[in-house]
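Novice: First the structure, then my questions, so here it is.
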Amino acid sequence: MHVSRSRVLLLGAVMALAAALTLGAVLVPGSAEATRVAAKVEHRTSPATHQASRAKVTRASKVRRLQMVSQLRETLTGIHSERDLTWKWQDTMAAARSRYAASAEHSSSLRYRRMVLDLWTSRAKQAQFTAQHPPRLKDWLCIHHYEGSWTDPNAPYYGGLQMDWSFMSAYGGTLLHTKGTADHWTPLEQIWVAERAYESGRGFYPWPNTARWCGLI
């Protein structure tokens, strides 16, 4: 009886092992097949996904390039504007224009162009301040008070400091040539022409009466 029971148990174990092996043979090929199918699907869809990804990167890169070109252009326009403003105020004083090397035009560096823009912005502010504050501004305004209107067109004396033709030709020749007589000049331009006469050694004597009334001679 004992032997028969052992055989039965052994037989049962063998049958269980055989069943397990049979089940594994059925399941494993199925899993392998599923893996192969997934790989085929991935292989079929992967190129399209990669292509879409590359297209997205290309579009982003193009947008960045366009933004950079726009910023470079805007910065260069700003440089030209500040340069022209600097020259305007320097011309008002008949001062030498700051040299423009045009280096920004030949550089594609946005950082460099911004540096040049900052430089010309600073120059423009300095030139404007200097032009608007002539050394003897109060004295010229006092003389003007006793002279004519800044736009006085009546010969032989013109403008707010009553300059005659020879005076305008001697100290404001460029303005006389480009804008006409002093009544067409800005008040600051007229004052700076008078400053040049003063600095030449003539002082306030071209205005003998009004300069005396102002206590200048």
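The values are calculated or read from the model by the stated rules, or taken from the named source; none is laboratory data. Bear in mind the structure is a predicted one, so any value in this text is a computation, not a measurement. Cβ coordinates were reconstructed from backbone atoms using ideal geometry, including for glycine residues, and neighbour counts include every protein chain displayed.
Novice: Could you check, for segment 124-131, whether at least one of its residues is in a loop (DSSP other than H, G, I, E, B) and modelled with pLDDT of 95 or more?
Specialist: Checked against the condition, which is being in a loop (DSSP other than H, G, I, E, B) and modelled with pLDDT of 95 or more, segment 124-131 yields no hits at all.
Novice: Something else about it: Answer yes if at least one residue in segment 173-181 is surrounded by 20 or more Cβ atoms within 10 Å (Cβ to Cβ) and either touching a residue at least 40 places away in the same chain (Cβ under 8 Å) or of a type in the set (A, V, I, L, M) (or both), and no otherwise.
Specialist: yes
Novice: Can you tell which of Leu161, Leu141 is out of contact with any Pro (no Cβ under 6 Å at 6 or more places or on another chain) and assigned to a helix (DSSP H, G or I)?
Specialist: Leu141
Novice: If you don't mind, another one. In this structure, does Arg83 turn out to be of a type outside the set (A, V, I, L, M, F, W, C), farther than 26 Å from Tyr205 by Cβ and loosely packed, with under 12 Cβ neighbours inside 10 Å?
Specialist: No: the conditions fail for Arg83.
Novice: Against the definition (within 30 Å of Tyr198 (Cβ to Cβ), without any contact (Cβ under 8 Å) to a residue 60 or more places away in the chain and exposed (fewer than 14 other Cβ atoms within 10 Å of the Cβ)), how does Arg99 come out, yes or no?
Specialist: yes
Novice: From the set of residues in segment 195-204 that are out of contact with any Pro (no Cβ under 7 Å at 6 or more places or on another chain) and not in a loop (DSSP other than H, G, I, E, B), which is surrounded by the most Cβ atoms within 10 Å (Cβ to Cβ)?
Specialist: Tyr198
Novice: Here are some conditions: (1) free of Cβ contacts under 8 Å to residues at least 60 places away in the same chain; (2) crowded, with 19+ Cβ neighbours inside 10 Å; (3) within 19 Å of Gln90 (Cα to Cα); (4) out of contact with any strand residue (DSSP E or B) (no Cβ under 7 Å at 6 or more places or on another chain). Trp192 meets all but one. Which one does it not meet?
Specialist: Of (1) free of Cβ contacts under 8 Å to residues at least 60 places away in the same chain; (2) crowded, with 19+ Cβ neighbours inside 10 Å; (3) within 19 Å of Gln90 (Cα to Cα); (4) out of contact with any strand residue (DSSP E or B) (no Cβ under 7 Å at 6 or more places or on another chain), only one is false for Trp192: (1).
Novice: In this structure, is Thr75 touching an Asp or Glu at 6+ places or on another chain (Cβ under 7 Å), within 30 Å of Ala131 (Cβ to Cβ), of a type in the set (Ser, Thr, Tyr) and surrounded by 13 or more Cβ atoms within 10 Å (Cβ to Cβ)?
Specialist: no
Novice: Testing Leu110 on (1) without any contact (Cβ under 8 Å) to a residue 12 or more places away in the chain; (2) not assigned by TED's automatic domain parsing to the domain that holds Thr186, one condition comes back false. Which one is that?
Specialist: Here Leu110 meets the rest and fails (1).
Novice: Of Thr49, Thr92, Thr130, which residue is out of contact with any Phe, Trp or Tyr (no Cβ under 9 Å at 6 or more places or on another chain) and of a type outside the set (Gly, Ala, Ser)?
Specialist: Just one listed residue meets the conditions, Thr49.
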